[in-house]
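J.: The structure that follows is given in the form of structure tokens.
The values are calculated or read from the model by the stated rules, or taken from the named source; none is laboratory data. Predicted model, so just to flag it, every value in this text is computed and none were measured. Note that we place each Cβ from the backbone using ideal geometry, even for glycine, and neighbour counts take in every protein chain shown. Calculation scope for accessible area: heavy atoms of the full protein, side chains included, ligands and nucleic acids excluded. Shrake-Rupley method; radii C 1.70, N 1.55, O 1.52, S 1.80 Å.
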Amino acid sequence: LPLPLAINSTAVRKDGIPALSNPSCVSLDHPEASWVSDTTRVVGVEVAGTPLAIPLNILWWHEVVNVSLGGRHVAVTYCPLTGSSLVFDRRPIGGNELRVSGLLYDNNLIMFDRSTDESLWGQMLGQAICGPARGRTLPLLSSLETSFERWKTLHPETQVASLDTGHERDYGENPYEDYWRLDAPPLFEEVLTDKRLNPKELVLAVPAPSVGAGAGGDRGGHAIPFDALAADGRQVVVTASGDTDIAVFWDGPSRTAAAYVPVPETWPVTATRPVGFLTFDATDEGYVDRETGTMWDLEGRAVSGPGEGARLRRHTRSFVAFWFAWSVMRPDLEVWSADGA
């Protein structure tokens, strides 16, 4: 394992926070979808053409939602203590569910797989830290933490989790509101050594890979603070991951960020494929590349122009979390700023 972080116990017992198993999900025109407002934060994921949104209101109380989506077993996970949402493919563990252990890796969610030979998995690591699977990683699936309004615009055919979870919870109440204050300390670190940003500031980290490193073994890279980005519009940030340029697409109104390798993963056979990295400008409609004039959306999909139908590849280990959590997991991240400082 890359870092000797502590495994912390809490007052929560194993399964004391109940993960969900294939909860009721409904289409946008269903009456049970009306509880989700446009401003509600959701974790959106699309698998094999099947999109789904899980509101954070549900993830505050359950942290792990196991679903079958597009014929695949996935786990939508969220750690309220580190502000990190990740979606995992459960096929490498035989489709077994991930559930909440009640333990924390430093402050981050530790899950266990519901198999006969259980292992413990660190959420931000994406890696088993104890048990027979120790050292193994789970594949990450592309997801967006965004507003429900933005997700619906990207995926008007999406389904959304309903309130029919089988549990009695006040899904309108955020139990972490005080904890999420920008200057509030983490649960297990009252004194933080890295004070470049406020502890609870959300950042998108773009880690640089290390040869032979596991999911948690990256070193270097950049942390892009949300508060340093355009509040009201779109923006493109170019940073680096090792020797590779990375394009970060930002949407201010929905406070959504996603990092891409700016080389098309797919390209229509009827159009001339661009050579080398693409460069992008943010517009009112999306993100247009200078090389071909193709328009791209927040999910790295080419929606109009010569490359329509193409896709960009997401940076596999880039996701959003609180600054303190990233600074502990990746202590040598550089903080990006608009003036280059």
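J.: Is there any pair with a first residue in segment 258-276 that is over 30 Å from Ser84 (Cα atoms) and a second that is part of a strand (DSSP E or B) and of a type outside the set (A, V, I, L, M, F, W, C) whose Cβ atoms are under 8 Å apart and which are 6 or more apart or on different chains, and what are they?
T.: Arg273/Pro264; Pro274/Pro264; Pro274/Asp289
J.: I'd like to verify a number: residues in segment 37-50 that are at pLDDT 95 or above and open to solvent by 10 Å² or more (accessible area, probe 1.4 Å), how many?
T.: 7
J.: Now, a different point. Any idea which residue in segment 231-257 is least open to solvent (accessible area, probe 1.4 Å), counting only those that are charged (D, E, K, R) and part of a strand (DSSP E or B)?
T.: Initial filter on segment 231-257 (charged (D, E, K, R)): 232, 234, 243, 245, 251, 255.
Filter again for part of a strand (DSSP E or B), leaving 234, 245, 251.
Values: Arg234: 68, Asp245: 66, Asp251: 4 Å².
So the residue we want is Asp251.
J.: I'm checking my understanding of the structure. Among residues of segment 189-215 that are closer than 24 Å to Trp60 by Cα and at pLDDT below 90, which one is surrounded by the most Cβ atoms within 10 Å (Cβ to Cβ)?
T.: Glu189
J.: Kindly indicate whether any position in segment 173-187 is aromatic (Phe, Trp, Tyr) and open to solvent by 60 Å² or more (accessible area, probe 1.4 Å). Don't jump to the end; show me each part of the working.
T.: Step one: of segment 173-187, the residues aromatic (Phe, Trp, Tyr) are 176, 179-180.
Restricting the remaining residues to those that are open to solvent by 60 Å² or more (accessible area, probe 1.4 Å) gives 180.
Within segment 173-187, one or more residues are aromatic (Phe, Trp, Tyr) and open to solvent by 60 Å² or more (accessible area, probe 1.4 Å).
J.: Condition first: on the phi < 0 side of the Ramachandran plot and open to solvent by 30 Å² or more (accessible area, probe 1.4 Å). Now tell me which residues in segment 269-283 satisfy that.
T.: The first filter runs over segment 269-283 and keeps only residues on the phi < 0 side of the Ramachandran plot, leaving 269-275, 277-283.
Matches in segment 269-283: Val269, Thr270, Thr272, Arg273, Val275, Phe277, Thr279, Asp281, Ala282, Thr283.
J.: I'm trying to understand the selection: among the residues of segment 304-321, which are over 24 Å from the mean Cα position of the chain (by Cα) and open to solvent by 60 Å² or more (accessible area, probe 1.4 Å)? Show your work before the answer.
T.: Just the residues of segment 304-321 that are over 24 Å from the mean Cα position of the chain (by Cα), to begin with: 304-308.
Across segment 304-321, the qualifying residues are Pro306, Glu308.
J.: Residue by residue through segment 9-33, note down the ones that are in a loop (DSSP other than H, G, I, E, B) and either on the phi > 0 side of the Ramachandran plot or among the polar types (S, T, N, Q) (or both).
T.: The answer is Thr10, Asp15, Asn22, Ser24.
J.: Would you check which residues across segment 80-105 are closer than 17 Å to Ala6 by Cα and of a type in the set (A, V, I, L, M, F, W, C) and list them?
T.: Leu81, Leu103, Leu104
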